[in-house]
Amino acid sequence: MTDIKSPPNPTDEDIRLLLAAKCHLGSKNINNHMKEYMFSRRQDGIFIIHIGKLWEKLILAARVLATVQTPADIYVTSSSVHGRRPANKLGNFIGATSNLGRFTPGTFTKALVEPEVLVCLDPHVDYQAISESSKCNVPVIAFTNSHSPLEYVDVAIPCNNLGSQSIGLMCWLLARAVIRLRGLLNYKEQWGVMPDMFFYMDEEADRVVQENEDYSGGYDKNQTDGEGTWSGDKDFSTSGYDDGVNWQSEVPKASDGWGDGGNNAPSFTTPTTAFGSSDQLIDMPVFNTNVPVFAEKTPVDWADDVPQEHVEVTMADSTGWDDNITTNQQWKGPTIAPWDA
């Protein structure tokens, strides 16, 4: 007789998937209520989650969800970006209601939605939904990390809920367990849905994958993006082209002296008319080459540069704004302050 209290044992393939997706790796911090789910701690401070307890709580959560008569009364929420796709896939395969994005405050307390079970992917992010479910007597199933709080959480599934692959695999295992408990899938059969369908992938990665798929059919490295087509029979030789210059003639030799330009020196004629006019002459500056570049200047006697004597000017005594101000003004007001009298 099979013991119904013991959950179905995981297969070797399930263990390999959990280790490959790093579902057993927690964070460097730990909550006091999560210590019982920890196996050990690495040297770098990362806590390792006990895989046996992870599997037991996963099957327990699947049994709770399988007992719900109306699958639409199961409410799956995830406010984090990397958990929206796993939450959506989990809700679609088990027939639950999914909330993607921000959880609207008052959804449970104002009777907008009355679920029987709440499934959240991160208690830190979905704290608003958990707090409202506690006021409406709604049981909570949560994927918890080593540092996650367990307040108002009824069934905690210890796992790595920060990685996109780990949380995607956990939702895939939970959906498969619920389908098997409902009798829709045999335990000896493989589920046709791949775990990759539950993984979140950003838009940039999707674009790179799409580009790789476009070039997977074959790509010629010599192919260019230009519109023109290049043929190999075009003649690029310079035969038949004459520019009027005899390039075979020898270059004339220049003379050794700088004074005389030599017989072969080119002649230079100063232009006498401006460009575009035959009558207007060009004003050419005349330079006197006999004057040295650094001409001697008359020495300056710095002793003659004496400043003028300062003459003190005494202005008329005045107190008006428009009158001149003297340099030796005196106070003519009271010598005793009013508060000293």
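Where a number appears in this text, it was derived from the coordinates with a stated rule and is not lab data. Every value quoted in this text rests on a predicted model; they were computed, and no experiment measured them. Because the Cβ atoms are built from the backbone with ideal geometry, glycine has one as well, and the counts that use them run over all protein chains shown.
Miscellaneous remarks
- Gap separating the Cα centres of region 6-53 and region 159-182, nearest whole Å: 14 Å
- In this calculation the C-beta distance from I46 to Y127 is compared with R0 = 35 Å, giving a FRET efficiency of 0.90.
- When you count the other C-beta atoms within 10 angstrom of each residue and take the mean per peptide, 143-154, 184-195 line up highest first as 143-154, 184-195.
- If R0 equals 22 Å, the separation of the Cβ atoms of L150 and F39 corresponds to a calculated FRET efficiency of about 0.75.
- Rounded to the nearest whole Hz, the Karplus-based 3J(HN,Hα) values (6.51 cos²θ - 1.76 cosθ + 1.60, θ = phi - 60°) of region 85-96 follow the sequence 5, x, 5, 5, 5, 4, x, 5, 7, 9, x, 8, with x at glycine and proline.
- For region 20-197: rounded, prolate or oblate by the Cα gyration tensor [a/c cutoff 1.5]: oblate
- The HN-Hα couplings worked out from phi for region 157-169 by the Karplus form 6.51 cos²θ - 1.76 cosθ + 1.60 (θ = phi - 60°) are 9, x, 6, 8, 9, 9, x, 5, 6, 5, 5, x, 5 Hz, whole numbers, x standing for Gly and Pro.
- Extending 7 Å from Cα along the Cβ direction at N186 and again at C136 yields two label points whose distance is 4.1 nm.
- Checking the cross-link pairs K28/K53; K22/K89; K22/K57; K22/K53; K22/K135 against a 23 Å limit on the alpha carbon distance flags K22/K135 as lying beyond it.
- Taking a point 7 Å from the Cα of M197 along the Cα-to-Cβ direction, the residues of region 72-92 with backbone N closer than 17 Å to it are 84-92.
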